[in-house]
Amino acid sequence: ASLLGSVLGGLWCDLRGPRPAAAAGVGLTVAGLVLSGLAGHFWVFTAGRAVTGLGGGFVIVAVYVVIGQAYPQKLQPVVFGWMAAAWVVPSLVGPLAAGLVAQYLSWRLVFYGVAPLVLAATLAVWPGIRRLGVRQGPAPGTEPAPGGRRRALRGLALSGGVLLAQWAAYGAAAGAGASLYVLAAAGAVLALAALPGLMPAGILRLRRGLPSVVLTRAAINVAFFGAEAFIPLMLVASHGMEPATAGLTLTAGALGWSIGSFLQAKAGRRRHRLLVLGPGLLAACLALLVPASGPQVPFWGLAAVWALAGLAMGLALSTTSVLILKLSAPAEQGRNSSSLQLADQLGGVVGTAGAGGLFRLLHHPGGAADSGVYAAIWLVLAAFAAAGLYTGLRSSPRRPEAATKEEIRSV
């Protein structure tokens, strides 16, 4: 649902400005939270999560467009740095708070309790959003209505294909019938067919500029989130650590991410270099996980490597957010921000699911040590980060090869 919301939110922002999309997104988010809290059946709970996801897709694209309209370009890197930092405290406090509320009070209060926070945050920023105004029609340079409808239909095909693939694959794995694998493949094909039309033109040809920025975002998300899903499992299953201790590695990554997000604000005009440095550092950290995962390496060594990986993500991810606004015409900020969010979401899904598939293929319960399995996962994901390094080199619209070589040397 968030995939569909990102596509529709981008269209709406380009046609009418960010205010309507933001208001609708907040309304859907709160409605979904309340519906999930009221649920007496699992399908109602799932529907509530879908409504919240749809609203979240609207909101995140609207936030990007608000930043593009409300802040001058020189301040946008700072704003995106603070946005990245805003993820850290909730990621540290939220799971613990939700677990305590669910354990000692009621799981329903987790959803009811978040709704007022969403409304309070919206009321805090709404006066500033109101000053941006509402467009009364398509802005200059915006595609005509039929093109917008085609994009909306592609968004529906993408989200529907992903839903079909997930549902059918889960049913087949649960023993509901091998024929469901055919449906899963059909869903994947439908999603892949719709995806290029939702991305900047030239993305399949690795065109310089916007397409390469979006591809870099997708590649580093595949690499980082695929590894992050398996680091705690490796520490618990292979090293015998307690889950809480193993989770500290993710905390180290979150802190490194925040530091990287603040550092990128100092990049100035040479911002494109961070899309070489970030993926390159991430690829090196994933390769270092192979020796750092050994039992002879102390836990703090692995945590330090993952903190550096988080630093790399903070440098690169916030930079892609800044560049997507810098390289977009005002009438296309919504659409291109939507493409960036799709790269975010699909990159995380592909990374986690791909690493899980590789683990299932190579892992043999009760067999020898799993160090070789994890090493294979780290190296495959490092290759994705290295691919992000290549597309990062192409993120600048400039073409002179001498400038690119000079950038490589300086990095």
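The values are calculated or read from the model by the stated rules, or taken from the named source; none is laboratory data. Only a predicted model underlies this, so the values are computations on that prediction, with no experimental measurement involved. Reconstructed Cβ throughout: ideal geometry from the backbone, glycine too, with neighbour counts over all protein chains shown. Please note that ligands, DNA and RNA were not included when accessible areas were found on the heavy atoms of the full protein model with its side chains. Shrake-Rupley method; radii C 1.70, N 1.55, O 1.52, S 1.80 Å.
General remarks:
- Cβ-Cβ under 8 Å pairs, at least 6 apart or on other chains, segment 231-254 side over 17 Å from L286 (Cβ atoms) and free of Cβ contacts under 8 Å to residues at least 60 places away in the same chain, far side open to solvent by 50 Å² or more (accessible area, probe 1.4 Å) and acidic (D, E): V236/E242
- When N221 is tested against (1) closer than 30 Å to S293 by Cβ; (2) over 22 Å from the mean Cα position of the chain (by Cα); (3) polar (S, T, N, Q), only condition (2) is not met.
Yes/no matrix, rows are residues, columns are (1) at pLDDT below 85; (2) part of a helix (DSSP H, G or I); (3) touching a Ser or Thr at 6+ places or on another chain (Cβ under 9 Å); (4) more than 22 Å from V380 (Cβ to Cβ):
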| site | (1), (2), (3), (4) |
| --- | --- |
| L183 | no, yes, no, yes |
| G187 | no, yes, no, yes |
| G226 | no, yes, yes, no |
| T249 | yes, yes, no, no |
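- Among the residues listed as L340, L323, L288, the single one being closer than 22 Å to T245 by Cβ and part of a helix (DSSP H, G or I): L288
- Within segment 259-271, the set of residues being open to solvent by 20 Å² or more (accessible area, probe 1.4 Å) and not aromatic (F, W, Y) comprises I259, L263, A265, K266, A267, G268, R269, R270.
- A39 vs. criteria of a type in the set (A, V, I, L, M, F, W, C) and open to solvent by 30 Å² or more (accessible area, probe 1.4 Å): no
Condition check ((1) open to solvent by less than 20 Å² (accessible area, probe 1.4 Å); (2) over 23 Å from the mean Cα position of the chain (by Cα)) across all residues:
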{"site": "G48", "(1), (2)": "yes, no"}
{"site": "Q73", "(1), (2)": "no, no"}
{"site": "F80", "(1), (2)": "yes, no"}
{"site": "V93", "(1), (2)": "no, no"}
{"site": "A97", "(1), (2)": "no, yes"}
{"site": "L100", "(1), (2)": "no, yes"}
{"site": "Y104", "(1), (2)": "no, yes"}
{"site": "L117", "(1), (2)": "no, no"}
{"site": "T122", "(1), (2)": "no, no"}
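- If only residues of segment 362-411 that are of a type in the set (D, E) and in contact with a helix residue (DSSP H, G or I) (Cβ under 9 Å, 6 or more places away or on another chain) are counted, the one that is modelled with the lowest pLDDT is E407.
- Boolean, G68 is more than 25 Å from A102 (Cα to Cα), in contact with a Leu (Cβ under 6 Å, 6 or more places away or on another chain) and in a helix (DSSP H, G or I): yes
- Only a single item in (1) surrounded by fewer than 17 Cβ atoms within 10 Å (Cβ to Cβ); (2) touching a Lys or Arg at 6+ places or on another chain (Cβ under 7 Å) is not met by V322, and it is number (1).
- Filtered residues of segment 185-230 (kept if among the small types (G, A, S) and free of Cβ contacts under 8 Å to residues at least 40 places away in the same chain): A185, A186, G187, A188, A191, A193, A201, G202
- Residue match in segment 224-233 (condition: open to solvent by 40 Å² or more (accessible area, probe 1.4 Å) and in contact with a Pro (Cβ under 8 Å, 6 or more places away or on another chain)): no
- Number of positions in segment 30-88 that are of a type outside the set (V, I, T) and either within 26 Å of A152 (Cα to Cα) or modelled with pLDDT of 90 or more (or both): 27
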